[in-house]
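**Student:** Got a structure for you, written out below as structure tokens; questions coming shortly.
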Amino acid sequence: MDDRTVLVLNGPNLNLLGEREPAVYGHDTLADVERLCVATAARHGLTVDFRQSNHEGTLVDWVQEGRAGIAGMVVNAAGYTHTSVALRDALSACRVPRVEVHISDIHAREEFRHHSYLTDVCDHHVIGRGVAGYSEAVDWLAAHAAGA
Ligand code: DHK
């Protein structure tokens, strides 16, 4: 990773995108989302490092890895959004721009999804825009990356 890299992190169950609750998350797969991010980033001369894990500690490790020296971070922490102080603390320690993304509108769903531990440690938020939200997040980072 270098200062032209956008790190895109995906949390638990997003590996099942496309087959998991398509009425909520749509029919695109995570591979489709990666292609979308790569194409969007390429338009800005950026590259993408795209990752997914079902494990909180792995996500914490990856946030720490990207905490400095990259263009920015896109984070869809999925279920950990609503539970993880550890991920929040890792994001808080970052010195690069961070965008929180959710495919669905978490504020229009069950009450337990309304609160995000990550919101106030991220610089921008794209919520409820479907997978196109990832593209919007990369566009935002391109405009706000260090030195942009
Ligand atoms: C994805 C999940 O897996 C849920 O746990 C979140 C988020 C919402 C999304 O909309 O991308 O509550």
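The values are calculated or read from the model by the stated rules, or taken from the named source; none is laboratory data. Note that the coordinates shown come from a computational prediction; the quantities given were computed from them, not determined experimentally. Cβ coordinates were reconstructed from backbone atoms using ideal geometry, including for glycine residues, and neighbour counts include every protein chain displayed.
**Student:** Output the number of the condition that G79 fails; it satisfies all remaining conditions of (1) in contact with a Gly (Cβ under 7 Å, 6 or more places away or on another chain); (2) within 18 Å of N15 (Cβ to Cβ); (3) surrounded by 21 or more Cβ atoms within 10 Å (Cβ to Cβ).
**Tutor:** Only one criterion is unmet by G79, namely (3).
**Student:** Out of the residues in segment 108-142 meeting the condition of being in contact (Cβ under 8 Å) with a residue 60 or more places away in the chain, aliphatic (A, V, I, L, M) and within 13 Å of the ligand (Cβ to nearest atom), tell me which one is nearest to L17 (Cα to Cα).
**Tutor:** V131
**Student:** Cβ-Cβ distance below 9 Å, separation of 6 or more or different chains: which pairs start in segment 17-43 with a residue that is farther than 21 Å from W140 by Cβ and end on one that is at pLDDT below 95 and not in a helix (DSSP H, G or I)?
**Tutor:** L17/G26; G18/G26
**Student:** Quick one: in segment 90-107, of everything that is in contact (Cβ under 8 Å) with a residue 24 or more places away in the chain and over 24 Å from E65 (Cα atoms), which residue is farthest from the ligand (Cβ to nearest atom)?
**Tutor:** I106
**Student:** Scan segment 59-77 for residues that are within 16 Å of the ligand (Cβ to nearest atom) and either over 12 Å from the mean Cα position of the chain (by Cα) or free of Cβ contacts under 8 Å to residues at least 40 places away in the same chain (or both) and report the count.
**Tutor:** Number of matching residues: 0.
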